[in-house]
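To keep things clear, I will list the structure first and then write my remarks on it.
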Amino acid sequence: MSEHVLNNIRTRRVVREMTDEAVEREAVETILEAARWAPTGGNLRPIRYVVVEDPETRRLIRLVAPGMFQKAPVLILICINWAIIEQHKLPHTDRTSLIDVGGAAQTMMLAAHAIGLASGPVTSFSKEAIKVILNLPGSYSPEMFICIGHKAEVARAGMRGWKKITWRDLTHWERFDNE
Amino acid sequence: MSENWVLTETEAVELLALLISSARIQMDEPAHYGPLRLLTATERLSAMMLERSSDKSKAFLQDSIERIPEMHMAMSDVETYKDGLDHLCREVAGCLLRHSGAESASP
Ligand SMILES: Cc1cc2nc3c(=O)[nH]c(=O)nc-3n(C[C@H](O)[C@H](O)[C@H](O)COP(=O)(O)O)c2cc1C
């Protein structure tokens, strides 16, 4: 059993304060390569990644992404390419590709953590504004940014007041009773 | 009354972008995220204004920039969050009075 993997899962936390230290191209590629191994519904692979390192583009993105607290040196935008979904005659209401986004996101964040980098997901942004800023192809919908960088040491306390939960609070075994 | 400008046109447009995007994403998010988005915009506006602001606002702007990220951390602790916002309201009211001149006119 690989205790490393489990530890990596347990110790990853969303990081919202990052330094301006650059992230090596090789590290970004390691993260993208990990995402390639994430599961994908029907093996369709509708997910596409857009990597943004240019400082001015990142600054503009933050202006339409109120949920992006980090000033991360690398942003990886996870997009769904709906052209692929249409090729397979699936309706736009099909949620499989959104589940793919989640799998890809977690895979990239765990990969980043495994190589000593900090990460944070962001969905609180204007999709329409991001399409314009990145000049995305018409069939791409921007779904989630993964911010990648180095964790800043801040004196500030972490999120307070959240109830501690364990897996038991989240799990039900077997059939539900009637009441 | 001669007053100094504290925002460039570009900075003002940047703030518009943030406010408009905040309005849109709020449609898909829990209601209690509303204050968070307004505070994020407050924080960015304060940061933009700080450099060119006068002594009437400087201390308040610095205080608000410093205080806001800490307040986000306490978001789930509603009473602490409210206290933080009340503090900010008192401070901004003081800043308002300094700008209107009403403070020096009062006995
Ligand atoms: C679908 C999804 C969307 C998220 N969007 C944001 C976001 O826009 N901004 C942000 O700061 N965190 C975002 N998060 C991060 C969560 O707030 C975070 O995972 C949660 O508070 C638990 O923290 P932890 O992952 O460090 O345990 C998002 C997480 C998920 C799964």
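The values are calculated or read from the model by the stated rules, or taken from the named source; none is laboratory data. Everything quoted here is computed from the prediction, not taken from an experiment. Don't worry about glycine lacking a Cβ; one is built from the backbone with ideal geometry, like all the others, and counts go over all protein chains shown.
Does A:Val64 satisfy the criteria of being of a type in the set (A, V, I, L, M, F, W, C), surrounded by fewer than 23 Cβ atoms within 10 Å (Cβ to Cβ) and away from the ligand (no atom under 11 Å from the Cβ)?
Taking the combined requirement at face value, the residue does not satisfy it.
Do any helices (runs of 4 or more DSSP H) lying entirely in region A:1-114 carry at least 1 residues that are touching a residue at least 24 places away in the same chain (Cβ under 8 Å), closer than 21 Å to A:Glu128 by Cα and of a type in the set (S, T, N, Q), and which ones are they?
A:55-63, A:96-114
Looking at A:Ala83, is it touching a strand residue (DSSP E or B) at 6+ places or on another chain (Cβ under 9 Å), under 30 Å from B:Glu43 (Cα atoms) and small (Gly, Ala, Ser)?
Answer is no for this residue.
Filter region A:120-134 down to the residues that are within 16 Å of the ligand (Cβ to nearest atom) and either of a type in the set (A, V, I, L, M) or in contact with a His (Cβ under 6 Å, 6 or more places away or on another chain) (or both) and list them by number.
A:Val122, A:Ala129, A:Ile130 - these are the residues of region A:120-134 that are within 16 Å of the ligand (Cβ to nearest atom) and either of a type in the set (A, V, I, L, M) or in contact with a His (Cβ under 6 Å, 6 or more places away or on another chain) (or both).
Do you know which of the residues in region A:150-179 that are away from chain B (no Cβ under 14 Å) and closer than 30 Å to B:Glu70 by Cα is modelled with the lowest pLDDT?
Residue satisfying both the conditions and the ranking: A:Glu153.
Taking region A:2-26 as the search range and keeping residues that are within 15 Å of the ligand (Cβ to nearest atom), β-branched (Val, Ile, Thr) and out of contact with any Leu (no Cβ under 7 Å at 6 or more places or on another chain), which one is farthest from A:Glu53 (Cα to Cα)?
Result: A:Thr11.
When residues of region A:58-93 are filtered for being more than 14 Å from every other protein chain (Cβ to nearest Cβ) and small (Gly, Ala, Ser), how many remain?
Going through region A:58-93 one residue at a time, the tally reaches 2.
Can you find even one residue in region A:37-49 that is more than 15 Å from the ligand (Cβ to nearest atom), away from chain B (no Cβ under 14 Å), more than 30 Å from B:Thr42 (Cα to Cα) and aliphatic (A, V, I, L, M)?
Checking region A:37-49: at least one residue is more than 15 Å from the ligand (Cβ to nearest atom), away from chain B (no Cβ under 14 Å), more than 30 Å from B:Thr42 (Cα to Cα) and aliphatic (A, V, I, L, M).
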